[in-house]
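Beneath this line is the structure, given in structure tokens, with notes to follow.
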Amino acid sequence: MKKKRIAAMSALCLAGTVCASGGNAVYTEPAQSELTAEAAASQDRIYGIASVSKMYSTLAVMQLVEEGKVELDAPVTTYLPDFRMDDERYKDITVRMLTNHTSGIPLGLSINHYLYEDVDSFTHDNVFEVVSGLRLKAAPGEYASYNNMGFSLMEHIVENVSGMSFTDYVRDHIASAIGADHTGTAWSLYAGDLGDAQVSLYRGFLPVEYPYEMAAGTGGIYATASDVANFGSAFFTGNDVLLSDEAKTQMSTRWNDDEKYESYGLGWDFVEHVKYEKENIKVMGKGGDLPYMNSSLLVAPDEQISTAVLTAGNGSSQYAGMMASALMDVALAERGKAVSDLTPPEPKIMDTIPEHDKKYEGLYCSSTFGIAGICRITFDDTTMYKEELGTDNALPERFKITGDGGFVRVNDSGRMTADREIVYFEEKDGKIFIRTELFAVYPGLGNTSDSMYTGEKMEENSVSPGVQQSWDELSQTVFVTDNEKWTSQNYETPFYWFVTDKAFPGYILAKNSRGVTKVEKMTDEDHALFFTSIPSTANRDLFDIEITRQTSADNTSAVSFDLSDGTRCRSVDSLPEFTADITKIPLHSGEAAWYRIGKDMGGESIAVERPDNSAVFVYNKFRELLYSTHVKDAMNTIDLPVDGYIAFVGESGVCKIAR
């Protein structure tokens, strides 16, 4: 099998080398034999830095706080009078809660936020409309759960208070102040009217057009690794170029002192890192992921070290973070502060499960990194079993009880695995939660350790037989997204479907072809609401569902699956068949023209003459993308798979078909 390739740039910033006053960055390239000469290190290589962008929007807000123009604990409505939600508690959301993920806002981002070679203000301009229909998942300030939408709102706060666009603010008040000449947003780097000033986004080995993140304050900053490491140096103790030490201390303080919760600061993913805490070294970090772009920034403020790793290709922020940590370790070692890797916990396995623990049997909503599911927990005298439901091939995982009352995952031989997963049951406010401590081993990269709440015992959701039947009839029905812009990256993975099961009546699993699964509670025949209570980032990026009927531009009426993020989907059963006599496809802005590929056209080839501002996508019967006009040098001749799908998307016009 062909190996996946990742191109990466990293930068190490030390006090006295790269900082606001200038100097030389120290660069390293990952040792990968498959890297080509084209992928050689370059100081000017620009990447999408994904959610590390949140540190720029947080810093911008903190600058306004220091100027006396913003109060962290003032209601968001003070600065955004147009902000409202379908939940009166939104009035209690403060600016601080946006920065530390405690706002209770459920949704991540709306549609049309990730576009191929397209700079569009839809995501920015529609923030208030999207959130206006949302309900909160928790009371503001109750718990921290990673939330992208809060930073889109912060982007608007910066604009309303400063009187500048977010792009201009970052340029004038952050990038220019530290000499970050290659830092900006899609509007300053890639907009169509920039002419010779337009720069190239590094895409590594990607065979596709450049993808731009339109949610600038959330994930839409673009920069070089040296610029990001230099930005990190602004958080060094004593460096007051961008912020005072007092403001930086606020940013690097945990939102909550309880170590069972994640250690978010203001903007930071964590302000305590167990690997460095044991050596009394403070390290803060922020990572980020976009499709094809991943990033990590680590800062040791008292040691005056900042490391940044940016990657393009098949990577993850976790891998980028481990590389950034390796760079941090090298810099610390050179200063005589050796840091050892984490070692796995060695819990003592007990012989028998106490009878009182068996009260934890039942169904649980479980989630890791926002990907949810429903599992069944059962016990015998010696073993706990965790069985994922709603899947066809999942075998129960086995856990043994430990001396401290937890349950450690074991293999079929009853031995602990290298990746130590230990779960604990905790009772709070009449509810039962699962807290997971996970120690993961990445050969050649290092080890990681995480702890968070990952599950909650599900209450019975009694619905009428008619409601259950209505959703059962939709179970396994496939839907396709049809209302995103023609440049949207989501057309690579546009499929959704539901799963109901007798094992979890009153609930559904909503799945999509991006690998995301969410647990929803039925309320009536047409509505299902997100499951709300897990007090952690396991409960991120939630949406409600409504089933409607929509009339398409071709005047056909079909069942529609609508999400509270603005996504609208049409059932594939309602799609017209793509036949040999079709020679023209009318395009309608805001609505994709979808077809099923029948057997008479399966195996045939077509040529498409399409207008500007349009795209074509082809998928096989397994819903895998086979063809996209966003691929570089895409062939004009398109082979059609049997029982597949084809979508024509664009602004008003006509696609012409020839055989």
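Looking only at region 81-96, which residues are surrounded by 14 or more Cβ atoms within 10 Å (Cβ to Cβ) and either touching a helix residue (DSSP H, G or I) at 6+ places or on another chain (Cβ under 6 Å) or within 21 Å of Ala247 (Cα to Cα) (or both)?
Within region 81-96, Phe83, Arg84, Met85, Ile93, Thr94, Val95, Arg96 qualify.
Quick one: count up the residues across region 599-618 that are in contact (Cβ under 8 Å) with a residue 40 or more places away in the chain and either within 19 Å of Val642 (Cβ to Cβ) or open to solvent by less than 20 Å² (accessible area, probe 1.4 Å) (or both).
Total satisfying the criteria: 9.
Determine, yes or no, whether Ser366 is within 16 Å of Ile422 (Cα to Cα) and open to solvent by less than 20 Å² (accessible area, probe 1.4 Å). Please lay out each step first, then the result.
Details: within 16 Å of Ile422 (Cα to Cα): yes; open to solvent by less than 20 Å² (accessible area, probe 1.4 Å): yes.
In short, yes.
In region 394-443, how many residues are out of contact with any Asp or Glu (no Cβ under 8 Å at 6 or more places or on another chain), over 22 Å from Glu361 (Cα atoms) and without any contact (Cβ under 8 Å) to a residue 24 or more places away in the chain?
Here the count works out to 5.
For region 246-271, name all the residues that are open to solvent by 70 Å² or more (accessible area, probe 1.4 Å) and charged (D, E, K, R).
Across region 246-271, the qualifying residues are Glu246, Asp257, Glu259, Lys260.
Just one of Thr500, Thr477 is hydroxyl-bearing (Ser, Thr, Tyr), more than 18 Å from the chain's Cα centre (by Cα) and modelled with pLDDT of 95 or more; which is it? Please lay out each step first, then the result.
Numbers: Thr477 fails: modelled with pLDDT of 95 or more.
None of the other options fit; the residue is Thr500.
Give me the helices (runs of 4 or more DSSP H) completely within region 206-272, filtered to those with at least 2 residues that are in contact with a helix residue (DSSP H, G or I) (Cβ under 9 Å, 6 or more places away or on another chain) and among the polar types (S, T, N, Q), ordered by residue number.
Values: elements: 216-219, 225-233, 245-251.
Qualifying helices (runs of 4 or more DSSP H): 225-233.
When you scan region 406-425, how many residues do you find that are at pLDDT below 95 and surrounded by fewer than 18 Cβ atoms within 10 Å (Cβ to Cβ)?
Residues meeting the conditions: 8.
Any idea which of Val649, Val608, Val654, Val642 is within 22 Å of Arg570 (Cβ to Cβ) and not in a strand (DSSP E or B)? Walk me through how you get there before you give the answer.
Values: Val649 fails: not in a strand (DSSP E or B); Val608 fails: not in a strand (DSSP E or B); Val654 fails: not in a strand (DSSP E or B).
Testing whether each residue is within 22 Å of Arg570 (Cβ to Cβ) and not in a strand (DSSP E or B) leaves just Val642.
Just give me the residues in region 613-659 being touching a strand residue (DSSP E or B) at 6+ places or on another chain (Cβ under 8 Å) and of a type in the set (Asp, Glu), in sequence order.
Selection gives Asp639, Asp643, Glu651.
Can you spot a residue in region 496-513 that is within 28 Å of Ser263 (Cα to Cα) and among the charged types (D, E, K, R)?
no
Could you look through region 500-517, keep only residues that are part of a strand (DSSP E or B) and open to solvent by less than 10 Å² (accessible area, probe 1.4 Å), and pick out the one that is farthest from Val559 (Cα to Cα)?
Pass one, region 500-517, residues part of a strand (DSSP E or B): 507-512, 517.
Restricting the remaining residues to those that are open to solvent by less than 10 Å² (accessible area, probe 1.4 Å) gives 507-510.
Values: Tyr507: 20, Ile508: 17, Leu509: 18, Ala510: 16 Å.
Applying the filter and picking the extreme gives Tyr507.
Would you confirm, using the coordinates I've provided, whether Thr436 is assigned to a strand (DSSP E or B), crowded, with 17+ Cβ neighbours inside 10 Å, in contact with a helix residue (DSSP H, G or I) (Cβ under 8 Å, 6 or more places away or on another chain) and of a type outside the set (Phe, Trp, Tyr)? Reasoning before the result, please.
Working: assigned to a strand (DSSP E or B): yes; crowded, with 17+ Cβ neighbours inside 10 Å: yes; in contact with a helix residue (DSSP H, G or I) (Cβ under 8 Å, 6 or more places away or on another chain): no; of a type outside the set (Phe, Trp, Tyr): yes.
No, not satisfied.
Out of region 533-588, which residues are among the polar types (S, T, N, Q), buried (at least 20 other Cβ atoms within 10 Å of the Cβ) and in a loop (DSSP other than H, G, I, E, B)?
Ser536, Ser564, Thr567
Show me the strands (runs of 3 or more DSSP E) entirely contained within region 328-418 in which 3 or more residues are more than 28 Å from Val274 (Cα to Cα). Steps first, please.
Numbers: elements: 362-368, 371-379, 384-389, 397-401, 407-410.
Correct list: 362-368, 371-379, 384-389.
The values are calculated or read from the model by the stated rules, or taken from the named source; none is laboratory data. Keep in mind it's a predicted model, so treat the numbers as computed, not measured. Positions of Cβ are backbone-derived with ideal geometry, glycine not excepted, and every protein chain shown enters the neighbour counts. These area figures cover heavy atoms from the full protein model, side chains too; ligands, DNA and RNA do not enter into them. Shrake-Rupley method; radii C 1.70, N 1.55, O 1.52, S 1.80 Å.
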